[in-house]
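Quick notes on the structure that follows.
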Amino acid sequence: MSDTYTPPKVWTWDKENGGQFASTNRPIAGATHDAPLPRGKHPLQLHSLATPNGQKVTILLEELLALGVTGAEYDAYLINIGKGDQFGSGFTEINPNSKIPALFDVDTGVRVFESGAILLYLAEKFGHFLPKDIKGRTETLNWLFWLQGSAPYLGGGFGHFYAYAPEKWEYPINRFAMEAKRQMDVLDRELAQHRYLGGDEYTIADIATFPWYGNMVRGEAYNAAEFLDAKSYKNLTRWANEIAERPAVKRGRMVNRSFGPLDQQLHERHDASDFDLRTQDKL
């Protein structure tokens, strides 16, 4: 292990500290520059990036559209967090926390930020992917809120120290690897009893959880599946592979994606035909 760190009496911000994402983190809120957001033709205006939190929302929107819910048509604009788009004045008006995703519903005049809140808003607005009976609804929300509280330990905890931190520190990697494996075990045990999280119905709980833990066990996050022995979580793997094959999930994972294989990127989405028009030259 590295030498023991002695915290100073008063913490001060080191702008260069933080590794790959140092430029996206700061100890103050608010806009850094004037940047109005574009406005598309649909009532639902999404500003996002295809991180796991961003994928939650685009997957749900594509699932709603697959059911024929025309009101779920949306415009999706790319927020490049590496360039600081999330600190623009227009974005901070929708999300004062400067994190993707952020949604504005022109029809209702409602802004929605935090990915779990967006999923709940859309599920309630359109009446899908959230059971209406009190037991089923509560169990779905149990898992939705579990995900919202647990994923930061997988991403900002394990993922940061294992994959992105400027140095490999033994203690935080071990600490968060233990927690990541505990969380995967929680999911694996639940999915041994049910096809989906909380029951036999596919819900926003599954849509929220798949981009984090589904990608993890499928070897698509942090290059850490072997390190965490992800293949040992057989029920979680079964669930993840089933969801990954859903056509709406495949489409939703492409939207606002600006990294990875070019044929999996769709920087902006304004119409279903955008998926068919996607070309290397366009990207």
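Among the residues of segment 138-148, just one is surrounded by fewer than 16 Cβ atoms within 10 Å (Cβ to Cβ) and more than 19 Å from the chain's Cα centre (by Cα), namely Thr138. Checking each residue in segment 196-218 for being in contact with a Lys or Arg (Cβ under 9 Å, 6 or more places away or on another chain), of a type outside the set (Ser, Thr, Tyr) and either free of Cβ contacts under 8 Å to residues at least 12 places away in the same chain or in a loop (DSSP other than H, G, I, E, B) (or both) picks out only Glu201.
Scanning segment 95-125 for residues that are hydrophobic (A, V, I, L, M, F, W, C) and crowded, with 17+ Cβ neighbours inside 10 Å turns up Ile100, Ala102, Leu103, Phe104, Val112, Phe113, Ile118, Leu119, Leu120, Leu122, Ala123. Determine whether segment 5-18 contains at least one residue that is over 24 Å from Ala151 (Cα atoms), small (Gly, Ala, Ser) and surrounded by fewer than 18 Cβ atoms within 10 Å (Cβ to Cβ). For segment 5-18, residues over 24 Å from Ala151 (Cα atoms), small (Gly, Ala, Ser) and surrounded by fewer than 18 Cβ atoms within 10 Å (Cβ to Cβ): absent.
Every condition in (1) assigned to a loop (DSSP other than H, G, I, E, B); (2) without any contact (Cβ under 8 Å) to a residue 60 or more places away in the chain; (3) touching a strand residue (DSSP E or B) at 6+ places or on another chain (Cβ under 9 Å) holds for Tyr121 except the one numbered (1).
Quick check on Phe129: is it more than 17 Å from the chain's Cα centre (by Cα) and more than 25 Å from Leu191 (Cβ to Cβ)? No, not satisfied.
Given the residues Asp263, Asp274, Asp185, which is the only one that is crowded, with 16+ Cβ neighbours inside 10 Å, in a helix (DSSP H, G or I) and acidic (Asp, Glu)?
Exactly one of Asp263, Asp274, Asp185 is crowded, with 16+ Cβ neighbours inside 10 Å, in a helix (DSSP H, G or I) and acidic (Asp, Glu), namely Asp274.
Screening Glu62 against (1) assigned to a helix (DSSP H, G or I); (2) of a type outside the set (Lys, Arg); (3) surrounded by fewer than 20 Cβ atoms within 10 Å (Cβ to Cβ) leaves a single unmet condition, (3).
Yes or no: Ala221 touching a strand residue (DSSP E or B) at 6+ places or on another chain (Cβ under 8 Å), buried (at least 21 other Cβ atoms within 10 Å of the Cβ) and hydrophobic (A, V, I, L, M, F, W, C)? No, not satisfied. Pairs please, first residue from segment 69-96 and under 18 Å from Asn256 (Cα atoms), second anywhere and aromatic (Phe, Trp, Tyr) and in a strand (DSSP E or B), Cβ atoms under 6 Å, 6+ apart in sequence or on different chains. Close Cβ pairs (under 6 Å, with a partner that is aromatic (Phe, Trp, Tyr) and in a strand (DSSP E or B)) amount to Ile94/Phe104; Asn95/Phe113.
Could you say whether any residue in segment 160-179 is closer than 25 Å to Leu46 by Cα, of a type in the set (Lys, Arg) and surrounded by fewer than 20 Cβ atoms within 10 Å (Cβ to Cβ)? No, there is no match, as no residue in segment 160-179 is closer than 25 Å to Leu46 by Cα, of a type in the set (Lys, Arg) and surrounded by fewer than 20 Cβ atoms within 10 Å (Cβ to Cβ).
Values quoted throughout were computed directly from the atomic coordinates according to the rules given, and no laboratory measurement underlies them. Only a predicted model underlies this, so the values are computations on that prediction, with no experimental measurement involved. Here the Cβ is made from the backbone with ideal geometry for all residues, glycine too, and neighbour counts use every protein chain on show.
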